[in-house]
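Here is the structure we will look at, set down as C-alpha cells.
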Amino acid sequence: MLSKNDVRLPALIAGLVASSLLLAACGGEASDTAPPAAPTAPAAGRAAALTVTDPWVKTADKGMSAAFGSLVNPTGADVTVVSVTTPVSPKAELHEVAGTGGMTKMRPVKGGFVVPAGGRLELKPGGFHIMLMDVKTPIRPGDRVAFTLTLKDGATVPFSALGKAFEGGNESYAPEG
C-alpha cells in the first residue's frame, strides 16, 4: 500500500521540473551590460518616417557616381539620415556641393541629411546627393540599384534607384587633386 509521501513525491518532482522548464524558457534577468534591443520597424498602419521619390543614379562603369531624388518626411518631427549603403559601391556617403569665393567642391555632410517635419530634401546635381566612390558593379541605363538609408533612430529605409545616363553640367564626381 502507498503512503501519502509516496504519492506526493512524484507530484512534487513533476512540479519542480515544470517550474524549471518554465523559468528556462522565460530567460534570465536583464543585465546592465546587456546590449540594447535592435530597432524595430514601424508598427503596421503607422506612417513611414521617410520615403524616397523619383530616385535615380548616374550611370558609371567604375569609379565615382552619385544618386539623386527627393527625401520626403510626412511626420511631425525632423528626420535625420545618418548613412547610406549600396551593393554597387563599398563606400557611399551623404554629400553636398558647397562653395565659397566662386569655388565649389563636394564634401560629406556632417551630421547627415536633416529632412524637416512635413517637408522634403531634394537630392540633385550641384546640391545634396548620395556619393558613390569606387563603384565595383557597372551601373547601366535602366538598371535598378538598391540603396538603404539609415536614420538617426536606427530605422532603415530601403529603396531602388533607376540608372540614367546624365551629363548635366558636365560634372565630375572624381576626388579633388
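Taken together, the values in this text are just the output of simple stated rules run on the coordinates, not laboratory data. All of these numbers come straight from a predicted model, not from anything done at the bench. A quick note on method: Cβ atoms are made from the backbone with ideal geometry, for glycine too, and the neighbour counts reach across all protein chains shown.
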Worksheet, complete the sentence: Rounded to the nearest 5, the percent of DSSP beta bridges in region 51-164 running antiparallel is 95
Fill in: Charge sum, other residues only, whose C-beta stays under 10 Å from Val79's C-beta, Lys/Arg counted +1 and Asp/Glu -1
-1
Worksheet entry | Within-13-Å neighbourhood charge of Val145 [Cβ basis; K, R +1; D, E -1] | +4
Worksheet item: If you take the beta carbon distance between Val114 and Arg144 as r and set R0 to 35 Å, what does 1/(1 + (r/R0)^6) give as a FRET efficiency, to the nearest 0.05?
Response: 0.80
Practice prompt. May I ask you to order 99-110, 133-144 by the average number of other C-beta atoms within 10 Å around their residues, highest value first?
Written response: 133-144, 99-110
Worksheet item: Calculated FRET efficiency, Lys105 and Ser83, Cβ-Cβ r, R0 25 Å, to nearest 0.05?
Response: 0.75
Worksheet item: Around Ser160, with a cut-off of 10 angstrom between Cβ atoms, what is the net charge of the other residues, counting Lys and Arg +1 and Asp and Glu -1?
Response: 0
Fill in: Total charge dipole magnitude, region 51-164, about the Cα centre, Cβ charges on Lys, Arg, Asp, Glu only, Debye to nearest 20
280
Discussion item. Using 24 Å as the Cα-Cα cut-off, could you pick out the over-long pairs in Lys62/Lys105; Lys105/Lys152; Lys136/Lys164; Lys91/Lys164; Lys110/Lys136; Lys62/Lys110?
Written reply: Lys105/Lys152; Lys110/Lys136; Lys62/Lys110
Worksheet, complete the sentence: Stokes-Einstein D for region 51-164 (4 °C, 1.567 mPa s, Kirkwood Rh from Cα pairs), in µm²/s, comes to 91
